[in-house]
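Chemist: Questions regarding the structure given below will be posed in turn.
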Amino acid sequence: MSNRIGKKPGEWINREATLKFSYEGKDFTAYEGDTISSALWAAGERVLGRSFKYHRPRGVLSSANHDVNVMMTDGIDTNMRGDVVAVRDGMKLEAVNTVGGVKADRNRFVDSISPLLPVGFYYKAFHTPRRFFPFWEKMIRKAAGLGIVNFNFPRVLKRKTTTHCDLLVIGAGPAGLTAALVGADAGLEVTLVDENQYAGGSLTYDRAGASEAASKLSELIGRVKTHQGISLHTASYAAGYYTDHLIPIVGENGITKVRAKAVIVATGVFEQPPVFRYNDLPGVMLGSSAQRLIHRYAVKPFHTGIVVTANHHGYRVALDLLQAGVKVSALIDMRELGEVSVLEEDVVRKGVVVHKGCCVYEALPSKGQMGVAGAVICTYDEATNQANPSNSFTLECDGIAMSAGWAPAAALLYQAGTQMRYDDTTQQFVPAKLPQGVFTAGKVNGAFALEQRLQDGERAGNEVLRYLGKSAPEVNVERHAGSSPSHPYPIVPHPKAKNFVDFDEDIQVKDFVNAAKEGFDNIELMKRFTTVGMGPSQGKHSNMNAIRILGKIRGLPVEKIGTTTARPFFHPTPIGHLAGRGFHPHRLTPMHGWHEEAGAEFTEVGAWLRAAYYHKPDISKQEVIQEEALSVRQSVGIIDGGSLGKFEVHCAEAAEYLERFYAGKFASQAVGETRYALMLDESGVVVDDGVVARLAQDVFYITVSTSNAAAVYREMQRWLQIWKLQIGLINVTGAYGLINVAGPNARAVVGKLAKHSLADSDLPKGGIRETEIAGIAVRLVRVGFVSNLAYEIHVPAGSAVHVWNALMDAGANFGIRPFGTDAQRLLRLEMGNHLVGHDTDGLTNPYEIGAEWAISMDKPFFVGQRSLKIIAKRPVKKRLVHFMLEEGFSGEMPFECNLVMIQDEIKGRVTSISFTRSANRVIGFAYVDPKDVDPGSKFQIRTDSGAIVVATVVKAPFVKLERGA
Amino acid sequence: MPLRLLKFAFSKNHPAPRFFRALEQPKKSYDVVIIGGGGHGLAAAYYLAKDHGITNVAVLERGYIGGGNTGRNTTIVRSNYLTPEGVNFYDASVKIYEGLSEELDLNLFYSNRGHFTLAHTESAMRTMRWRAEVNKHVGVESRVVGPDEIAKACPQLDLSCSGHAPILGALYHAPGSIARHDGVAWGYARGADRQGAEIFQNTEVTGIDVQSGKVAGVHTSRGYIATKKVLSAVAGFTPRVTKMVDLDTPIVIHPLQACVTEPMKPWLNSILVSGSLHVYVSQSSRGELVMGSSLDPYEVHSTRSSLDFVEGLTSHMLDMFPFLSNVKIVRQWAGMADMTPDFAPIMGKTPVEGFYLDAGWGTWGFKATPISGKTMAETIANDRAPEMIHSFRLSRFEDYELTGEKGAASVGH
Amino acid sequence: MKLLHCPMNGTRPISEFVFGGEFRDMPDPEASTDKEWAAYVHNRNGAPGLKKEWWYHGPSGTWFIAERNTLTEEVLRTYLFGQETAA
């Protein structure tokens, strides 16, 4: 650990715990608390990654959680960020996106052919001739991308929690800590988050070789940590701002969705690199990065360095470097006037030579560009932003610290809808108009001096108190005074380029100039053409310089250029975190356990799981379905229909309500009778069908299809409100179980358990009565959907299993057999009953399915009636018919949705088709040309392979109707 | 390396001209004014010039070109629709796309990947067959495939979808492709500009001057422009523009969101869509997974993002690809989709003479960019819509002749 | 996730609600022409602005009206249908 220095107060590493890991096949040690980058840098490694496009060697840049040139794989995970991920014992790391290792990367040749790859080069070539493009595309795709995904990576289930608080403070720097304390002292419930391992923000690293920041930090942290009203979350970032103050906080173990009454964004600023040739060499880093290495990880950033600056901060960096034992051979200040403050005196007193009005013209690479060997310094004209290399000198160094300015970490503010303005005194975008309940403090708000930031935190905290209805003082914050923290144009032109603006995407100054030449001269187009800011760091270190460069190109002030839109996420967020546990809720009928034991295969129908069929050993699914259906035809079967929607309509206007809601007639319906009910939407399309039973003069009981039940009930409720009829509408879907016993022996089975007679005269087809089955009060309906003789037993859910078991016992002698939805579909087909949603689609009108009998146009009104009057004037384009294939059909079996053709014209399609053992035929439903609807008509179905199958229109039902015992 | 890049290496000045002129002030009048500088509007300008010799055309863009849904969509191009009219129309678009990089001399990265619409239910399988049969009938390569073929094309896919929604099969559509969306707008812009059309960015239309039922001009943030023909090609802004001419349409605006991961080495070649899981995904040439889901459930005229969207989408992505747990989402965004009741566009003439509508593109606008530009140019030039877009006419709603695309979208699952 | 205030159940996340479209008065079916009726059935006021909308709180089965700005997503007020003046 050659570059590790003595213990720093408040350092983030634990020197008691040593960890072993390897990088690119070489063994290293680290301390607990080290990031991958800090450990490798401490060990003297300089090349931590290769850039995305040119495969240039890269080291640390910001150490601020967005150094995306340093991405690792440990063989399990990939794209692990060096400055974010902590070293774990035994890690075996390699840099991603190299061929042959990070040092020998064979793709480094791309850097040497970079003149062939001008901005937007991939738009300009590879597409002619067309036939070669797939070759080039393959090459380009292979070259692109970062890490290799591990297909065996386990699915990770992260927890998600939701919390509510009065105040969410994002960023635990001096402003955020102060604001949180103000809020909590006044009794607010405060949540305080910070993305770093420890709270403190710049107080943890920006110390200027002194102890003031450290003592302020321990004072604030001491108060925050012991405060009952503050819940502090470190190593957790606010990933985005969503409507109504919803902010997901992402930590290692999951996401906390925070809903806050007020939010203070105190996220600080990102340091921005000045742009000069070879500013990307390993060893060239941001000043704040050098400070982070020193104070958080006790790592010496380099041995002999220079500081290039354009603000006050560079001098603080120099003092920190000196304190860490770095030889600072020069401080290059791009400003003509330099820094006129005690800081300058301090730096000079400590032996640092300050060159004002100068810039780093270029960094000099060491062998293989693996590091810095020196820097060429020359004068810089701030008025013209031109360097004068004729007047230059060279300094040897192994590192350069850069401090030229900042960009606000304002993504969350933008997402919340904040209007920003460009502030000339700080040369920074600052909030101009904040949305309701959103506040800001600290550097992101343009407050730079420590005192000023503390004040600004206090101001914001008090503003929140007033916003939440408490009385609180107005705090005045002094505006920024003195020289600007950011240089308005820290860009040094160089004829040989390689002066990088965006390190993610390897974008140089000339790329912007050339993009503008080609017409991409507004910020959004420039972003899209150059891809600036589109890399994994989303432009945290590059967008601001891009805006400045474009302003220069167009001769416009920065404010006129504007910014690109900030989108979530603030940091890239793992899919596993966002997905959480992924719940898949289902509704189950009371008999679900019984079906499971009986070997049911379940299928999803709407929100429900229903038994599709019951497995039998050594028999195929198709065979089982035929058997189940056959048992209904020949004796008796039983099916659980508990998932059907069941509604009750009560009171005097119930019939009137149903007359309006459904297409048929219900006013004339007799008590004890059921009627088919067709539901249309306002455009006359068939939406659902069901059965309406009249239990009493003023009580109706309705069953509707499972998958539509929720939507049907919803519409029922809405129309009820609009019509303002005096009825009671009750959803009893879950309250009742439903058992259907069907087949010639159904009466014998149900009759054994029924309190009342089931004779035709007592309960005719289509009748309903309230009776008892197996001692339980039920509603018993004589139905005919799947079988000529069948009973639906609507039984209170709690007693459904009891009744089901009793029926199974009673039916044992008849060989009663449960059947599932698959057999049910076949049985209804045999009976000639269409299924809405299966034999209809989103445009089907009643005339197309021959449902004229179910609509009463003579009623004063029903939903869809007015549209039907219009539709009725137009020719019907297709009609649903029953069909059969020839006896003993042995050709290619058509499938549902094979087309019905006349010559070369599509006339319709098959909607249902199946072989039925009962009729020993292939039967089905199809839409055909309206002229082909008469029984005996033939039509043509085109199969998958293109073969034509002739079908014959027949009259339903397809099976002989059994009389029943 | 292609030779055409050499000039960049050996030239001191960047040897590439502007894509389009930087124009500030429109003329007093034009033969045609196109509202909307997205792919559709620019393509219409391009084909007006190329096919019909009409070059006295202004394209007015409120923001920057391609900045609306052209630059926000997930770039899938396909023609596996349900109705013969729809399939024909989108197939014509695919055919133009296939040669478009050459025609515009701009590499649009039109990348033929093959497109699978996954079916997790019997009912979805039926719809797949319906589409396949209609596609085959029209001569488009689509077919129903089983899980084996899906697994062959995408071995990483968990066919059981973590046990929640086992894949029964898919509609495979061979021509399915992705492209670089920005390039399509830029290429058409350059092509239109070179033929004489004038493109004005940051130019907002504030009103349309209609006199005696006929278009007379447009009011803009850069002054009044006289014209007898106006094309509205503004996607999510359509209701605002139709309001200017008092035209009622069925269009409502719902946000459509998307997101993208950080880049990774190529592994996903196919384009996958799952209706049941509300996921569509492809891997871009940069290596990012580009993903989308269903529309937001309610009307909003903004491009804000929501957390629900990305939570739901990622959950379903993990059902399909459990190993993506630690792959990171970099960015999410949204566009405003102009939805129609039958999931088909509204194109052609309107009751206002000289006001042409290219709208209702919902979630399927990008793939139709070339053919919509071509057919709208023809409509404007002849003041008569070609047969190909007859079924997309605005009056179909009054006629109760909604397109059949609604059929498939509403079949119960 | 956005919040919405149900008049019966208070403020809940929007995932608990179903959007029911803009509230529109049905024209008299007898008095309106085919064209007018077709326009009622199919056309919508798609332009952004303050709209009266149907919303449904799923868990409790409550329909209500929300006055919402579709440009800003701001909800001005919510009330049960027919209780506009009481709200």
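The values are calculated or read from the model by the stated rules, or taken from the named source; none is laboratory data. None of the values given here were measured: they were computed from a predicted structure. All Cβ positions, glycine included, derive from the backbone under ideal geometry; neighbour counts span all protein chains shown.
Chemist: Looking at A:Glu601, is it free of Cβ contacts under 8 Å to residues at least 60 places away in the same chain and either assigned to a loop (DSSP other than H, G, I, E, B) or surrounded by fewer than 20 Cβ atoms within 10 Å (Cβ to Cβ) (or both)?
Modeler: Working: free of Cβ contacts under 8 Å to residues at least 60 places away in the same chain: no; either assigned to a loop (DSSP other than H, G, I, E, B) or surrounded by fewer than 20 Cβ atoms within 10 Å (Cβ to Cβ) (or both): yes.
Taking the combined requirement at face value, the residue does not satisfy it.
Chemist: From the list B:Phe20, B:Phe10, exactly one residue is of a type in the set (A, V, I, L, M, F, W, C), touching a strand residue (DSSP E or B) at 6+ places or on another chain (Cβ under 9 Å) and not assigned by TED's automatic domain parsing to the domain that holds B:Ala377. Which is it?
Modeler: The match here is B:Phe20.
Chemist: Kindly indicate which of A:Val959, A:Val954, A:Val863, A:Val876 is within 25 Å of A:Arg825 (Cβ to Cβ) and either within 14 Å of chain B (Cβ to nearest Cβ) or out of contact with any Pro (no Cβ under 6 Å at 6 or more places or on another chain) (or both). If you could, list the steps in order and put the result at the bottom.
Modeler: Details: A:Val954 fails: either within 14 Å of chain B (Cβ to nearest Cβ) or out of contact with any Pro (no Cβ under 6 Å at 6 or more places or on another chain) (or both); A:Val863 fails: within 25 Å of A:Arg825 (Cβ to Cβ); A:Val876 fails: within 25 Å of A:Arg825 (Cβ to Cβ).
Step by step, each of A:Val959, A:Val954, A:Val863, A:Val876 is checked, and only A:Val959 is within 25 Å of A:Arg825 (Cβ to Cβ) and either within 14 Å of chain B (Cβ to nearest Cβ) or out of contact with any Pro (no Cβ under 6 Å at 6 or more places or on another chain) (or both).
Chemist: Here's a follow-up. Answer yes or no as to whether A:Val786 is buried (at least 21 other Cβ atoms within 10 Å of the Cβ) and closer than 18 Å to A:Ile625 by Cα.
Modeler: yes
Chemist: What number of residues within the stretch A:596-619 are among the small types (Gly, Ala, Ser) and at pLDDT below 95?
Modeler: Final tally of qualifying residues: 2.
Chemist: Suppose the filter is out of contact with any Leu (no Cβ under 7 Å at 6 or more places or on another chain), within 30 Å of A:Asn253 (Cα to Cα) and either in contact (Cβ under 8 Å) with a residue 24 or more places away in the chain or crowded, with 22+ Cβ neighbours inside 10 Å (or both); does B:Ser305 pass it?
Modeler: Yes.
Chemist: Among what's in the stretch A:822-843 and is out of contact with any helix residue (DSSP H, G or I) (no Cβ under 8 Å at 6 or more places or on another chain) and surrounded by 22 or more Cβ atoms within 10 Å (Cβ to Cβ), pick the residue that is farthest from C:Val41 (Cα to Cα).
Modeler: A:Gln824
Chemist: Which residues, counting only those in the stretch C:44-61, are outside any strand (DSSP E or B) and either closer than 23 Å to A:Gln721 by Cβ or in contact with a His (Cβ under 7 Å, 6 or more places away or on another chain) (or both)?
Modeler: If the condition is that a residue be outside any strand (DSSP E or B) and either closer than 23 Å to A:Gln721 by Cβ or in contact with a His (Cβ under 7 Å, 6 or more places away or on another chain) (or both), then C:Asn45, C:Pro48, C:Gly58, C:Pro59, C:Ser60, C:Gly61 are the ones that fit.
Chemist: Looking at the stretch A:419-430, is at least one residue more than 16 Å from A:Val269 (Cα to Cα), within 28 Å of the chain's Cα centre (by Cα) and part of a helix (DSSP H, G or I)?
Modeler: Scanning the stretch A:419-430 turns up no residue that is more than 16 Å from A:Val269 (Cα to Cα), within 28 Å of the chain's Cα centre (by Cα) and part of a helix (DSSP H, G or I).
Chemist: How many of the residues making up the stretch A:206-235 are among the small types (Gly, Ala, Ser) and not in a loop (DSSP other than H, G, I, E, B)?
Modeler: Matching residues across the stretch A:206-235 total 6.
Chemist: Which members of the stretch A:931-951 meet the condition of being of a type outside the set (D, E, K, R) and crowded, with 16+ Cβ neighbours inside 10 Å?
Modeler: Within the stretch A:931-951, the subset of a type outside the set (D, E, K, R) is A:933, A:935-937, A:939-941, A:943, A:945-951.
Hits for the stretch A:931-951 are A:Val933, A:Ser937, A:Phe939, A:Gln940, A:Ile941, A:Thr943, A:Val949, A:Ala951.
Chemist: For the stretch B:11-20: of the residues being in contact with a helix residue (DSSP H, G or I) (Cβ under 9 Å, 6 or more places away or on another chain) and more than 8 Å from every other protein chain (Cβ to nearest Cβ), which is nearest to B:Arg190 (Cα to Cα)?
Modeler: Here the residue is B:Pro15.
Chemist: Is there a residue in the stretch B:264-272 that is under 18 Å from the mean Cα position of the chain (by Cα), at pLDDT 95 or above and under 30 Å from A:Asn79 (Cα atoms)?
Modeler: Yes, the stretch B:264-272 contains a residue that is under 18 Å from the mean Cα position of the chain (by Cα), at pLDDT 95 or above and under 30 Å from A:Asn79 (Cα atoms).
Chemist: Can you list the strands (runs of 3 or more DSSP E) found entirely within the stretch B:187-299 that contain at least 2 residues being of a type in the set (A, V, I, L, M) and in contact (Cβ under 8 Å) with a residue 40 or more places away in the chain?
Modeler: Answer list for the stretch B:187-299: B:205-211, B:214-220, B:223-226, B:229-232, B:252-261, B:271-274, B:289-292.
Chemist: Further question: If you take the residues in the stretch A:220-235 that are surrounded by fewer than 17 Cβ atoms within 10 Å (Cβ to Cβ) and of a type in the set (Val, Ile, Thr), which one is farthest from A:Asp34 (Cα to Cα)?
Modeler: That would be A:Thr226.
Chemist: List the pairs whose first member sits in the stretch A:87-105 and is at positive phi, whose second member is surrounded by 16 or more Cβ atoms within 10 Å (Cβ to Cβ) and assigned to a loop (DSSP other than H, G, I, E, B), and whose Cβ atoms are under 8 Å apart, counting only residues at least 6 apart or on separate chains?
Modeler: A:Asn97/A:Phe52; A:Asn97/A:His55; A:Asn97/A:Gly145; A:Asn97/A:Leu146; A:Asn97/B:Lys265; A:Gly101/A:Glu24
Chemist: Looking at the structure I just gave you, is B:Val145 of a type in the set (A, V, I, L, M, F, W, C) and either on the phi > 0 side of the Ramachandran plot or in contact with a Ser or Thr (Cβ under 7 Å, 6 or more places away or on another chain) (or both)?
Modeler: Working: of a type in the set (A, V, I, L, M, F, W, C): yes; either on the phi > 0 side of the Ramachandran plot or in contact with a Ser or Thr (Cβ under 7 Å, 6 or more places away or on another chain) (or both): no.
Here the answer is no, as B:Val145 does not meet what is asked.
Chemist: So, one more: Quick one: which of A:Met534, A:Met544, A:Met591 is at the interface with another protein chain (Cβ under 10 Å from one of its Cβ atoms) and either buried (at least 22 other Cβ atoms within 10 Å of the Cβ) or not polar (S, T, N, Q) (or both)? It would help to see each step written out before you state the result.
Modeler: Values: A:Met544 fails: at the interface with another protein chain (Cβ under 10 Å from one of its Cβ atoms); A:Met591 fails: at the interface with another protein chain (Cβ under 10 Å from one of its Cβ atoms).
Only one candidate qualifies: A:Met534.
Chemist: Against the condition crowded, with 24+ Cβ neighbours inside 10 Å, in contact with a strand residue (DSSP E or B) (Cβ under 7 Å, 6 or more places away or on another chain), part of a loop (DSSP other than H, G, I, E, B) and at pLDDT 95 or above, how does A:Leu61 come out, does it pass?
Modeler: yes
Chemist: Look through A:Val464, A:Val492, A:Val444, A:Val438 and report the one residue that is buried (at least 17 other Cβ atoms within 10 Å of the Cβ), touching a residue at least 60 places away in the same chain (Cβ under 8 Å) and over 38 Å from the mean Cα position of the chain (by Cα).
Modeler: A:Val492
Chemist: Count, please, the residues in the stretch A:564-592 that happen to be in contact (Cβ under 8 Å) with a residue 24 or more places away in the chain and under 22 Å from A:Ser799 (Cα atoms).
Modeler: Looking only at that region, the number is 4.
Chemist: Exactly one condition in (1) in contact (Cβ under 8 Å) with a residue 60 or more places away in the chain; (2) within 29 Å of A:Leu337 (Cα to Cα) is false for A:Gly457; which is it?
Modeler: (2)
Chemist: Select, from B:Asp319, B:Asp338, the only residue that is outside any helix (DSSP H, G or I) and buried (at least 20 other Cβ atoms within 10 Å of the Cβ). Reasoning before the result, please.
Modeler: Numbers: B:Asp319 fails: outside any helix (DSSP H, G or I).
The conditions single out B:Asp338.
Chemist: With the requirement that a residue be charged (D, E, K, R), over 25 Å from C:Glu36 (Cα atoms) and modelled with pLDDT under 95, what does the stretch B:354-411 give you?
Modeler: Selection gives nothing.
Chemist: Okay, next question. Looking for something at the interface with chain B (Cβ under 9 Å from one of its Cβ atoms), buried (at least 16 other Cβ atoms within 10 Å of the Cβ) and in contact with a strand residue (DSSP E or B) (Cβ under 9 Å, 6 or more places away or on another chain) - is there at least one such residue anywhere in the stretch C:25-41?
Modeler: no
Chemist: A further question on this structure: Scanning for something over 24 Å from A:Met72 (Cα atoms), within 7 Å of chain A (Cβ to nearest Cβ) and within 22 Å of the chain's Cα centre (by Cα), does the stretch B:314-322 turn up at least one residue?
Modeler: The answer is no, given that none of the residues of the stretch B:314-322 is over 24 Å from A:Met72 (Cα atoms), within 7 Å of chain A (Cβ to nearest Cβ) and within 22 Å of the chain's Cα centre (by Cα).
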